[in-house]
Structure formats: C-alpha cells, structure tokens
1. Within the set of pairs 6+ apart or on separate chains, which have a first residue in the stretch 376-398 that is without any contact (Cβ under 8 Å) to a residue 40 or more places away in the chain and closer than 12 Å to Val312 by Cβ, a second that is open to solvent by less than 40 Å² (accessible area, probe 1.4 Å) and aromatic (Phe, Trp, Tyr), and C-beta atoms under 7 Å apart?
2. Do the conditions hold for Met167, that is, is it under 26 Å from Asn252 (Cα atoms), at pLDDT below 85 and either open to solvent by less than 60 Å² (accessible area, probe 1.4 Å) or over 19 Å from the mean Cα position of the chain (by Cα) (or both)?
3. Between Gly365, Gly355, which is more than 18 Å from the chain's Cα centre (by Cα) and at positive phi?
4. Report the residue count in the stretch 349-374 for those that are open to solvent by 40 Å² or more (accessible area, probe 1.4 Å), more than 19 Å from Gly323 (Cβ to Cβ) and in contact with a helix residue (DSSP H, G or I) (Cβ under 9 Å, 6 or more places away or on another chain).
5. Any residue in the stretch 411-427 that's among the polar types (S, T, N, Q): show its pairings with residues that are surrounded by fewer than 17 Cβ atoms within 10 Å (Cβ to Cβ) at Cβ separation under 7 Å, as long as the two are six or more apart or on different chains.
6. Val434: within 22 Å of the chain's Cα centre (by Cα) and open to solvent by 50 Å² or more (accessible area, probe 1.4 Å), yes or no?
7. Could you pull out the residue among Leu102, Leu111, Leu106 that is surrounded by fewer than 19 Cβ atoms within 10 Å (Cβ to Cβ), out of contact with any Leu (no Cβ under 8 Å at 6 or more places or on another chain), within 17 Å of Thr151 (Cβ to Cβ) and modelled with pLDDT of 95 or more?
8. Ile157 - would you say it is in contact with a helix residue (DSSP H, G or I) (Cβ under 9 Å, 6 or more places away or on another chain), in contact (Cβ under 8 Å) with a residue 60 or more places away in the chain and open to solvent by 10 Å² or more (accessible area, probe 1.4 Å)?
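The values are calculated or read from the model by the stated rules, or taken from the named source; none is laboratory data. Quick caveat, the model's predicted, so the values are computed rather than measured. Neighbour counts run over all protein chains shown; Cβ positions are idealised from the backbone, glycine included. Only protein heavy atoms, including side chains, enter the accessible area calculation; ligands, DNA and RNA are left aside. Shrake-Rupley method; radii C 1.70, N 1.55, O 1.52, S 1.80 Å.
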Amino acid sequence: MVNDFSRGKVWQNIIYQAIPLMLAQLVQLLYNVVDRVYIGHLPGSDSLALTGIGLVFPLTTLIAAFTYLFGTGGTPLFSIARGAKEEERAERILGNTFSLLLGTSLFLFLLCYIFRRPVLYLFGASAASYVYADDYLRIYLFGTTFSMLSTGLNGFINAQGFPRMGMLTTLIGAVLNLVLDPIFIFGFHMGVGGAALATVLSQMVSCLWVLRFLTGRKAMLTIKRKNLRVEWRLVREITTLGVSGFIMQGTNCLVQVVCNATLKNFGGDLYVGIMTVVNSVREILSLPVSGLTSGAQPVLGYNYGARRYDRVRQGIRFTAALGILYTVAAWLLVILLPHYLLSIFVEDAAMMEAGEKALRMYFFGFFFMAFQFTGQSSFTALGYSKHAIFFSLLRKAVIVAPLTVLLPRLGLGVDGVFLAEPISNAVGGLACFVTMYFVLYRKLGSAQV
C-alpha cells in the first residue's frame, strides 16, 4: 500500500516518492531556467539581460523563503499526524498552511512591488542592468500568490502518497512556460518582460491544479473551509518547524545580495551575470539530491510517527549513501565539461572564458552538499527544528556571507566570492551530518527519542 510508508522496503518507498519529486523539481526549475536560457541568448543584450535577471534572484528567493516557512513546516507535521492516525489534526494543519501562504503572498506582492526600484539598486544594479531587472520583476511579482500556493501546498499531495500527481503540478505549468516563453520573448518582441509574463501564467495554471486536487475527491485529506481559520497553536508548530527551510532560503537571499554587491564592486556587471549562470547550474545539479532528501522526508516522518525507528535509520542510511554517490558524479561532470554547461545559458565569449574558472571553483568538493542535505532533511522530517535551524544559519549566514565579503578583500578578488561556497559546504555539511548522527541516528537505534 503506497500510502502506508511503514510497509514494504524503506528504500523502495523513498525512491517511489523521490523520483516523481525529482521530476517535479526539474520541471519547477524550467520556470526560471528556461527564462535564463532564452534571455542569455537574447540578441543585442550581451550579458546585461542575464545580469538583470540575476539581480531579481534575491527577491524571488525571499518569496521562496516564506513559501518554505509554511510549506516545509506544515508538511512534516502533516506526515507525522497521518502516521499517528490523527487525520482531523492533519487536515487542520493543511487548512492553516493554506491561509498562511495566501495572506503572506498578498503582503509580499505589495511590499516588493512598491519598493522594487531602491531594492534593486541596493542589490547591485547599475543604470544599464536596472532596465532589464525592472522589466522582469514588475511583471513577475503578479505571480507571487500563484507561486507560493502551488509550491507550498504541493508537498501535501506528495505526503498523502500521490507523488505522480504532485509531479503533474509542476509539469503542466513548466510545459506551458516552455511554450509561451519564445512566443512572448521573440514572437511578440516583449524581451525580458515576455519571459516574466510566461512564468506568471504558468504559475497560475499550476496553482489551479493544486487547489483542484486538494479540494477534490481523489485526495484522502482535503482543504476544508472550517480549517481555514488560523489557529495560533498550530501556526507556532508550523513556523517553528518551517523556520529551518525559511532560514535556508532567507540566508540564500542574503548570500545572493552580498555576492551581487561584491561582484559588482570587484568585477562589474559581467561577473554578476556569471554568478547568475553558476547559480543556474547549481540549481540543476543539486536537484536530484534535493529530490531524494525531499522524497525521504514523508517516509521518515511517517515511520517516526508510527514508532518504526529501525525503518527511519534505514532511510537515513540509504539517503546519505545515494546522495554522496550522485554529488561525486556531478562534481566530475563540472570538472570535465564546464564549457558545455555554460554554453546552455550564454554565448558571450567573455562570460564563457571567465565562467569556466568560476564554475570549477564554486563546485569544488560538491559532494559535501550530500551531508548537508541528509542531515538537514532528517532533522526536519523528525521535528528537530532547533537543530535544523542552527545548521541552516551556520552554513550560509555564519560561513558563506562573511567569507564572500572577506576573501575578495584579502587579495583574492572575484575568486574569493566563488571560493566561499565550497568552504561552507565542507565545514557546514560535515558539522550538520556528524551532529545528526550522534544526536538523532544513534538515539533511534536505542529508541531513546
């Protein structure tokens, strides 16, 4: 029975959840990555259009942070409640998460739209790159509610044992985005604004799909009007557990701002554009290990709620081993084929030449990310929110952001910005995994949890 994660082989349950999630996350990437591919090859813009998109990243990441706050906070609680057969509580968690996502999305739209000009300049925009950044952002922000609801609620579909349906959420929208992008960008000559419009329309379709499923007959647990009233006790539980995801995205926002501002000072618009491409490659190559650990979370959470601690340990071991194998392979790919990876996004000769060196530095020791993902997802899935929050802060806010500011000023220039990431992966990733092993994994073996 695929909805009961306490049965069958643990690794099969994880893979059953993870593969559709990987595909769904891959498709989700198409929303933005396809935009970058088309924009990177936009005639006459050189690297400025791509640089403009890079300047928008911190705001889109901030929106994602609030999505994670409620989505990754509500979903594990939902899974634990299902495993404990507390279905009424699970539906209240779902209803409250919907209300939190909706209210926050409307507030963020207004705030970001009103202050977009000063914020973009704060993030490192120049007079030339601001034109492209504003053309994209002022349209993109109208999809804030659609994006937050579709992404934040999709985990509740997967947590009920319907990963294929969750995959379709993003598949439908991404395919539409893929079709609309060239029509709006080149056919209607809308340029960067056309890419944003295509994304908004695609997010709207995905949102409608999620809401239709979670209010329909196929879902076991649905959104009900009586559960939309915010319960502050549940809000505290959701946000406490979701804070780790929020901090991970929030610190990503911080790092992006610091990176863009530092690169603007030490390398100019060219290197802001290169970082946009490097981040795009990172998103693609991180996707399988992210999908694997996301797929493991409902399985770990369900078995934890059912007190099947031996199965939780099996799931952690499997996730760690497969994650390490994949990230080693991804690192080798970057070492051997950096030019090919860059050519997906850009044609500019200057960006290609400088980008190869930057890409290799940024991905050095990439396999350490598997330790971070495994430890972080294990803490989150089992409700160890304080540990998850700490290690979210450690890697980005305590290590990456300060190094991004410090290393370039110690004589490394722009290279220092790209070297900050692998240092944080090694230090933060190992610290997170080792702590998870002693604090959580060993205690599960003796049932002292």
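1. Going by the 7 Å Cβ cut-off, there are no qualifying pairs.
2. Yes, satisfied.
3. The unique qualifying residue is Gly365.
4. Of the residues in the stretch 349-374, 4 are open to solvent by 40 Å² or more (accessible area, probe 1.4 Å), more than 19 Å from Gly323 (Cβ to Cβ) and in contact with a helix residue (DSSP H, G or I) (Cβ under 9 Å, 6 or more places away or on another chain).
5. Pairs found: Asn425/Gly365.
6. No, not satisfied.
7. Answer to the check: Leu106.
8. Spelling it out, it is not the case that Ile157 is in contact with a helix residue (DSSP H, G or I) (Cβ under 9 Å, 6 or more places away or on another chain), in contact (Cβ under 8 Å) with a residue 60 or more places away in the chain and open to solvent by 10 Å² or more (accessible area, probe 1.4 Å).
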